[in-house]
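Have a look at the structure below, then the notes.
Here, each number is a calculation from the coordinates, and none is a lab measurement. On a predicted model such as this, the values are computed, not experimentally measured, just so you know. Every residue, glycine among them, receives a Cβ derived from its backbone with ideal geometry; neighbour counts consider all protein chains shown.
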Amino acid sequence: MSKLIAPSVLAADFANLQRDIEMVNNSDADWFHIDVMDGVFVPNISFGMPVISAIKKHAKKTLDVHLMIVNPDQYIPTFKEIGADILTVHYEACTHLHRTLQAIKAEGMKAGVALNPHTPISVLEDVIKNIDMVCIMSVNPGFGGQSFIENTYKKVQQLKNLIAFSEADTLIEIDGGVTDKNANQLIEAGADVLVAGSYVFGAENPTETIANLKSLVN
């Protein structure tokens, strides 16, 4: 399959959110990546349900929602209701990960699991066949604009090996510090989806930046 680009809405201009959503709609991007932070699991707070509902009204592409929150289970039906197509929870926030994945799928969404930089790939061995996508955090979660953690390449290769060994169909997503400088290497290591935030929305021409990124990885 072709490799996917998912601009992270957290880096958009919130005073001109509709304009930025339309820009992504009309670009070569594949998904919208939406980070939900609660100020508990990560030391920051981002947008909640009303903003995601508003994004859904205008978005013409897949909504890839990344929950950086404690107790994600209690909100699973709500995120389906407001328009999430893919719902990603953090391994570190789930006491009963298998049950959480089942609950996400029961709502008709794709189920993702995110791993913090310090969490090894091996924790997913027993559930990899139940996961539609693994999001490898290539920065510490909670803030945009951080620099890329180099150990990520090794983790992507380890995950790719686990997916192949388990005969799973799991996609690999990279979130944090993605630019044209590391996109190729990430794809070569085995990544399928690249999330780019400040690199896209901070660019002089975001549409062109997305197009360049897309041409680099396909």
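The table that follows gives values for the structure above.
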item: Positions within segment 151-195 being among the charged types (D, E, K, R), in contact with a Gly (Cβ under 9 Å, 6 or more places away or on another chain) and farther than 15 Å from Ser2 by Cβ, in sequence order; result: Lys160, Asp175
item: Pick from segment 56-79, criterion part of a helix (DSSP H, G or I) and within 16 Å of the chain's Cα centre (by Cα), ranking: nearest to Thr100 (Cα to Cα); result: Pro72
item: Test for Asp175: is it closer than 21 Å to Ala111 by Cα, surrounded by 17 or more Cβ atoms within 10 Å (Cβ to Cβ), among the charged types (D, E, K, R) and touching a Ser or Thr at 6+ places or on another chain (Cβ under 7 Å); result: yes
item: Within segment 130-169, considering residues that are among the β-branched types (Val, Ile, Thr) and farther than 16 Å from Leu194 by Cβ, the one farthest from the chain's Cα centre (by Cα); result: Ile163
item: Which numbered condition Val123 misses (of (1) part of a loop (DSSP other than H, G, I, E, B); (2) touching a residue at least 24 places away in the same chain (Cβ under 8 Å); (3) surrounded by fewer than 21 Cβ atoms within 10 Å (Cβ to Cβ)); result: (1)
item: Residue within segment 158-168 that is buried (at least 20 other Cβ atoms within 10 Å of the Cβ) and in contact (Cβ under 8 Å) with a residue 40 or more places away in the chain present; result: no
item: Pairs with Cβ under 6 Å, 6+ apart, first in segment 191-218 and charged (D, E, K, R), second surrounded by 19 or more Cβ atoms within 10 Å (Cβ to Cβ); result: Asp192/Leu171; Asp192/Ile172; Lys214/Ile5
item: Filtered residue count, segment 134-152, keeping only those that are buried (at least 20 other Cβ atoms within 10 Å of the Cβ) and in contact with a Leu (Cβ under 9 Å, 6 or more places away or on another chain); result: 6
item: Matching residues, segment 1-55, being in a strand (DSSP E or B), of a type in the set (Val, Ile, Thr) and crowded, with 20+ Cβ neighbours inside 10 Å; result: Ile5, Ile34, Val36
